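Take a look at the structure set out below.
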Amino acid sequence: MMFVTILTRNGVYNTQKIGNRLLGTKWNLTKLPLNLKRPVPRDIDIARSQQPKNILQLAEEIGIKSDEISPYGTTKAKVSLSILDRLQNEKNGKYVVVVGITPTPLGEGKSTTLLGLAQALNIHKGVNAFATLRQPSQGPTFGIKGGAAGGGYAQVIPMEEFNLHLTGDFHALTAANNLVAAQLDARIFHEATQGDEVLFNRLVPTIKGTRKFTEIQLRRLRRLAINKTDPNQLTRDEKVRFARLDIDPKRVIWTRVIDTNDRYLRKITVGQSATEKGLIRETSFKITVASELMAILALTKDIKDFKQRMGSMIVAFDKKGEPVTADDLGVTGALMVLLKDAIHPNLMQTLEGSPVLVHAGPFANIAHGCSSILADKVALKLVGEKGYVLTEGGFGSDIGMEKLLNIKCRTSGDIPDCVVLVTTIRALKMHGGGPPVPPGAPLKPEYLKENLDLVRNGLPNLIKHISNGNKFSLPVVVCINSFETDTEAELKLVQEEAVRNGAFGAAVSSHWADGGAGAVKLAEAVMSACDRPNQFKFLYDLDKPFDEKIQTISREMYGAKNVVYTSEVASKLKMYEEKGYGNLPICMAKTAGSLTGDPTIKGAPTGFDLKINDVSLSAGAGFVIPIVGEISTMPGLSTRPAIYDIDVNSDTGEIEGLF
């Protein structure tokens, strides 16, 4: 009996070793066939016409073990970070970044292209490929944009679950952020209304005859250079230093968040109840995806790093000008509890049954605009050395790609092999002098008929974005996301000019109408580009002064000549450097509608002044945020938001109006 047991145990062990070794081979994916229709139906109708695989089946097909996945129903699941430990010796796959040119307000199909390319690689080229996407915010979902699951026959399914709640990560982030805010205001109140001895005794109470510091309180003592662990041994001065954060109410920088567009929360007053004893102050809300916690979730490398980053978040400055952190507030451990599940990526699938990891969702114009490092790292291991991981940078190369490469890749150590740059004839015509493209309004005739002059005049914007990718020494493959109204002459012009101006290749892609089959030429160009060695380099060195880093981004990525700071911005930058934060990267908050700070200026202007109106520090996320022009961290609802279209069908129970 003992002999049989040992044999069985060894057999399981050997099977696991073989399974680990086979991860470098082609996945045995069950393909989901597409039933292509013309005209192409609504996105939601296409999504509902496809029956997703059970998420446990997909997980097994791509080499995820049963104890590494936690299903949320049958079509989505949390993936354990233990995969990274199991596969730590596996070589990574190829890493591809998908970005766009400066878009029209309608968007140019960047997420749709990423998913179509993933389907083409997996289903039609026979290689392992993972798409890693940001989770959509409720802001655009119920605001002006609608859903963000891709479109046409290149989507994440089920699209309703992708766009609404998913596994609750955003709600957990909102709760965690607002717990920090509640504790911060409570601490200001209690310090203002209690004497030194009472305050200390309440912070370190005697319970059943024993008085001791918690671990987070011991960390605060060490930061204060108080080398004592017994509360009863502290001197009066040490007790005061420990107990009083002495927060300056006028220098509180932490705000509450909500994942809804709500313009009336851009400035609020708190503390008006009589119970708050006159401790009234002005503050504001951000949308959840603009919060530092969201950026930290996207940039963290492991659980230990996650905790350290959250503890380092600066929530305010004290009356001496010194930073006060989340760890000083005693809240770091509680944040970890609230976010213990949110740190794990979410597994979903495309319309054709290929895998997608959805995780984090920072906005690109007011944050760094990337899905998580952890999702990328899990995907890079699962695809194997010959596989591909496709991730996106928000908006254009000037915003999403620049931040992805200079912030995300610098943090993760994962260097891309290729950039896919998405363009459309529509966007080029807009940059070439075409009429405005307002959401919800019919397109003008210039966008529906051939007009080579408008396309040619708009090419400088595309060429600038190609140049931006080349400045990192990365091959750039241009994807022309085609529409029915595009003509052969227009498409050929863009292909030829893209290659002539530095693109590795340029492919016309019809994935929206044809699924992965419509992106095969794009897939082939990407595979060829990834086979070419590149000499990747960052745009700037971290040890340079803030001004030099900001100037470099502004000149090289946008085409600016000068950067102009307000006196307050200059003072803040100097103070951040003096406090020891000078080696952080830059996260520019800028309009996505233009290479400049003015969204009305199209094309590829040069020689302009870029004005920095404000700057903030995200010490936990690990970057400094200069704010160009008027960038709001709390969007507002338009006169006619998408909520007018969204409902639940009382007869079928189905959600209606999400694209």
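The values are calculated or read from the model by the stated rules, or taken from the named source; none is laboratory data. On a predicted model such as this, the values are computed, not experimentally measured, just so you know. With ideal geometry, Cβ positions are generated from the backbone for all residues, glycine too; neighbour counts draw on all protein chains shown. What goes into the accessible areas is simple: the full protein's heavy atoms, side chains included, and nothing from ligands, DNA or RNA. Shrake-Rupley method; radii C 1.70, N 1.55, O 1.52, S 1.80 Å.
Couple of notes before you dig in:
- Accessible surface of the range 179-297, 1.4 Å probe, proportion on carbon and sulfur as whole %: 52
- Near Gly620, the amide H atoms lying under 5 Å from its own belong to Met313, Ile314; only residues 5 or more places off or on other chains count, and H is placed 1.01 Å from N.
- Surface accessible to a 1.4 Å probe, per residue, for the residues of the chain, Å²: 42
- With only Cα atoms counted, the chain has Rg and Dmax values of 26.0, 85 Å.
- For the range 473-523, the relative contact order comes to 40 percent (Cα pairs under 8 Å, sequence separation of at least 6).
- Sites listed here are trypsin sites (Lys or Arg not before Pro) in the range 252-353 whose DSSP assignment is loop and whose Cβ has at most 15 other Cβ atoms within 10 Å: Arg266, Lys267, Lys277, Lys319, Lys320, Lys340.
- Cross-link reach is defined here as a Cα-Cα straight distance under 16 Å, omitting same-chain residues fewer than 8 places apart; for Lys91 the aspartates and glutamates meeting it are Asp376, Glu385, Asp414, Asp417, Asp531.
- At q = 0.11, 0.13, 0.16 Å⁻¹, base-10 log of I(q)/I(0) for the range 320-456 (Debye sum, equal scatterers on each alpha carbon): -0.65, -0.83, -1.03
- The phi torsions of the range 485-498, fed into the Karplus equation with coefficients 6.51, -1.76 and 1.60 and a -60° offset, translate into couplings of 7, 5, 9, 4, 5, 5, 5, 5, 4, 5, 4, 5, 6, 5 Hz, rounded to whole numbers, with Gly and Pro shown as x.
- The trypsin sites (Lys or Arg not before Pro) found in the range 487-585 that occupy coil by DSSP, while having at most 16 further C-beta atoms within 10 Å, are Lys537, Lys561, Lys579.
- When a 1.4 Å probe is rolled over the protein heavy atoms, the share of accessible surface on the range 461-578 that falls to carbon and sulfur comes to 49 percent.
- Value of relative contact order over the range 122-242, rounded to a whole percent, pairs C-alpha under 8 Å and six or more apart: 14
- Remark: accessible surface ordering of Met310, Met336 (largest first) is Met336, Met310, probe radius 1.4 Å.
- Portion, in percent, of the accessible area of the range 338-383 that falls on carbon or sulfur, probe 1.4 Å: 55
- The GluC sites (Glu not before Pro) of the range 561-659 that DSSP puts in a loop, and whose beta carbon has at most 16 other beta carbons within 10 Å, are Glu630, Glu654.
- Where only DSSP H runs of four or more residues are counted, the chain gives -10000 deg cm²/dmol as its mean residue ellipticity at 222 nm, each run worth -39500 (n - 2.57).
- Electrostatic dipole magnitude of the range 364-487 [Cβ: Lys, Arg +1; Asp, Glu -1; Cα centre; debye, to 20]: 220
- In the chain, Cα pairs under 8 Å separated by at least six residues give a relative contact order of 20 percent.
- Alpha carbon centroid spacing (whole Å) that separates the range 642-657 from the range 357-391: 31
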